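The values are calculated or read from the model by the stated rules, or taken from the named source; none is laboratory data. Quick caveat, the model's predicted, so the values are computed rather than measured. Neighbour counts are summed over all protein chains in view; Cβ atoms, including those assigned to glycine, are modelled from backbone coordinates with ideal geometry.
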């Protein structure tokens, strides 16, 4: 009888080792792709949250300013009086005379003040600037301009008047403002000018349209009366 042969030691062949390494590599690649996709989704959600917060802040400020408008003229230190609702010559700047808003730092005691909204078509931004009074004595009295919304490609304004309906801009033909009225002489004999800041140019409603890159066209409408 031939002696029984001893069994060979169990092990992996070269082909089995290559197949195992390929499987491990495939699993690793799938894991990395899944992790990368999760990170990209997180970054996208964070970016969307920031964009939504920026848009929400801008619309809240716009609605608050439109709702706080008062029929009072604004007297810039370097130009003629402006209406309570005023649209710049190129349609890129909107001035609003405001009252009744809470005190905002760093300027304390905000009562009657002026908000200037500006659209920069080159930078595609919408910014807001505040004059703390309606009759500033110096050109440098305005607060710094703050960008509140990015990606803005267009800004249009319409106003609604009782006699003519909706018109482009902030003025209707035949509706003017109350002129300044001189006041009495003071104790020194000099004539003190007390301007009549009340204006009859506030429309019944305004419609502000923003064209944006991320959010499309946004229409903000506010009733003033």
- Note on the structure: Taking first residues from the stretch 119-143 that are in a helix (DSSP H, G or I) and second residues anywhere that are surrounded by 14 or more Cβ atoms within 10 Å (Cβ to Cβ), the pairs with Cβ under 9 Å that are 6 or more apart or on different chains are 139/76; 141/131; 141/132; 141/133
- Select, from 77, 136, 89, 121, the only residue that is surrounded by 18 or more Cβ atoms within 10 Å (Cβ to Cβ) and over 24 Å from residue 225 (Cα atoms). 136
- Item | Top-ranked residue of the stretch 205-225 - restricted to ones that are part of a loop (DSSP other than H, G, I, E, B) and loosely packed, with under 14 Cβ neighbours inside 10 Å, ranked as modelled with the lowest pLDDT | 225
- Query: Among the residues of the stretch 144-155, which ones are surrounded by fewer than 16 Cβ atoms within 10 Å (Cβ to Cβ) and assigned to a strand (DSSP E or B)?
  - Reply: 146, 147, 153, 154
